[in-house]
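These notes are about the structure you will find just below.
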Amino acid sequence: MGLDPALVQVVAQLPPLLSKHYLSVTPVVGVLQAAPCEALRPNPAEVDAIFDMPLRFFSEADARHSSEDVRMGTHQYRIHFFRYEAFEVWGLTAGILIAAAEAALGREADFDVLGGGVDYWQLWYDGRAVRHQQPLEGRAQAQLQR
């Protein structure tokens, strides 16, 4: 993205979670000190576009938000979609941003995050099958490890 690491203040690390391709992803949350989005240059192999979106949108139940229940292995979980201007944030990225919004705002999202399925953060892959681990205590508080 052409982002100078010196411009980012790392504020937290979320627990690892499993992508649909069975990759373990450890999100790191940072605050951009300067440089507007227009100054960043996306790597086309990794990023479609760079834009900013208010974090609170990932915790509000409104017309921008929709979801779909799917399966990973034998486990059901909910995928979230958020529309903003010409962009759509969904899947793993949306799940990460929901957790970040819950932690930053100090409250759970206004919508049903799990939909009767398992928590995204509880799935892991052991090389043979998708497994489910015990839930974390207090979603909004436990998501961020400071």
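The values are calculated or read from the model by the stated rules, or taken from the named source; none is laboratory data. From a predicted model like this one, the values you see are computed outputs, not experimental measurements. Cβ coordinates were reconstructed from backbone atoms using ideal geometry, including for glycine residues, and neighbour counts include every protein chain displayed.
Could you tell me which numbered condition residue 51 fails, if it satisfies all but one of (1) out of contact with any His (no Cβ under 6 Å at 6 or more places or on another chain); (2) of a type in the set (A, V, I, L, M, F, W, C); (3) within 25 Å of residue 3 (Cβ to Cβ); (4) not in a loop (DSSP other than H, G, I, E, B)?
Only one criterion is unmet by residue 51, namely (4).
With (1) among the basic types (Lys, Arg); (2) assigned to a loop (DSSP other than H, G, I, E, B); (3) surrounded by 14 or more Cβ atoms within 10 Å (Cβ to Cβ) as the list, and residue 20 as the residue in question, which single condition is left unmet?
Only one criterion is unmet by residue 20, namely (3).
List the number of the failed condition for residue 69; all other conditions in (1) in contact with a Gly (Cβ under 6 Å, 6 or more places away or on another chain); (2) buried (at least 17 other Cβ atoms within 10 Å of the Cβ) hold.
Against the list (1) in contact with a Gly (Cβ under 6 Å, 6 or more places away or on another chain); (2) buried (at least 17 other Cβ atoms within 10 Å of the Cβ), residue 69 comes up short only on (2).
Among (1) within 21 Å of residue 118 (Cβ to Cβ); (2) modelled with pLDDT under 90, where does residue 41 come up short?
For residue 41, the exception is condition (1).
What do you reckon, is residue 70 part of a strand (DSSP E or B) and either without any contact (Cβ under 8 Å) to a residue 40 or more places away in the chain or more than 16 Å from the chain's Cα centre (by Cα) (or both)?
Criteria met by residue 70.
Could you list, in sequence order, all residues of the stretch 87-134 that are at positive phi, part of a loop (DSSP other than H, G, I, E, B) and either among the basic types (Lys, Arg) or at pLDDT 75 or above (or both)?
Matches in the stretch 87-134: 106, 115, 116.
What number of residues within the stretch 44-86 are modelled with pLDDT under 90 and polar (S, T, N, Q)?
2
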